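Below is one structure; the comments refer to it alone.
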Amino acid sequence: MIMDDFKVQLLTEKESILFFELINKNKNRLEDFFAGTVKYTQTLQDTEEYCKKVDVRVEEKTYYPYLIIDKKLGKAIGFIDFKNIDWDVPKAELGAFIDVSYEGKGIITQSFNYILENTVKKHQFKKLFCRISKENTRSINLALRCGFEQEGVLRCDYRTTKGELVDLNYYGRLF
């Protein structure tokens, strides 16, 4: 099983260096759709400050970010987060990416399914959703493989770092 070589763990301040290295290596391809994450992790010091704030948000139950760690190398190779949490439903938005050198190996799919199963049980989410650019076929396929269904298109719903307003496909999954 792929997950024998990898683990999924909550991002904390202790993993600031691992997180910085992951973002820094993948910065160019993350800029448009992980704009906030890239913006607040420009330097290691920025990343440490960002992770301190993340610790507070986790404590407040408003954000749950996870790293995918290569056990053999001891480095972060992917990221999955639960954001825009609405406890009245309860529902959350998911975002995810994997280091470019690990794409196409099934790691993100297994990690995504693992985190879905465990986090949904723990937090009693009734719905999870993803907003994905129509050009991002890998993320669309990931959502579909993990049981999400396209529910619609959110027109002009996101501004990229280049200032362009783009449509996002909206995928949801009920639990």
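Below is a table of values for the structure above.
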quantity	calculated
Checking Thr43 against (1) more than 14 Å from Gln9 (Cα to Cα); (2) in contact (Cβ under 8 Å) with a residue 40 or more places away in the chain, the condition it does not meet	(2)
The range 108-148 - residue that is hydroxyl-bearing (Ser, Thr, Tyr) and in contact with a Cys (Cβ under 9 Å, 6 or more places away or on another chain) and, of those, nearest to Tyr158 (Cα to Cα)	Ser139
Hits in the range 129-175 (condition: without any contact (Cβ under 8 Å) to a residue 40 or more places away in the chain, surrounded by 13 or more Cβ atoms within 10 Å (Cβ to Cβ) and among the small types (Gly, Ala, Ser))	Ala143, Gly147
Of the criteria (1) at positive phi; (2) surrounded by 13 or more Cβ atoms within 10 Å (Cβ to Cβ), which one Gln124 fails	(2)
Wholly enclosed strands (runs of 3 or more DSSP E) of the range 34-98 bearing at least 3 residues surrounded by fewer than 20 Cβ atoms within 10 Å (Cβ to Cβ)	75-86, 91-98
Every residue from the range 75-101 that is more than 22 Å from Thr62 (Cβ to Cβ) and either out of contact with any Asp or Glu (no Cβ under 8 Å at 6 or more places or on another chain) or modelled with pLDDT under 95 (or both)	Ile98, Asp99, Val100, Ser101
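One line per residue, one yes/no per condition, for (1) modelled with pLDDT under 95; (2) of a type in the set (D, E, K, R):
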residue: Thr119; (1), (2): yes, no
residue: His123; (1), (2): no, no
residue: Arg131; (1), (2): no, yes
residue: Ser139; (1), (2): no, no
residue: Gly147; (1), (2): no, no
residue: Arg155; (1), (2): no, yes
residue: Lys162; (1), (2): yes, yes
residue: Leu168; (1), (2): no, no
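The values are calculated or read from the model by the stated rules, or taken from the named source; none is laboratory data. Given the structure is predicted, the values throughout are model-derived calculations rather than measurements. Quick reminder, even Gly has a Cβ in these numbers, built from the backbone with ideal geometry, and neighbours come from all protein chains shown.
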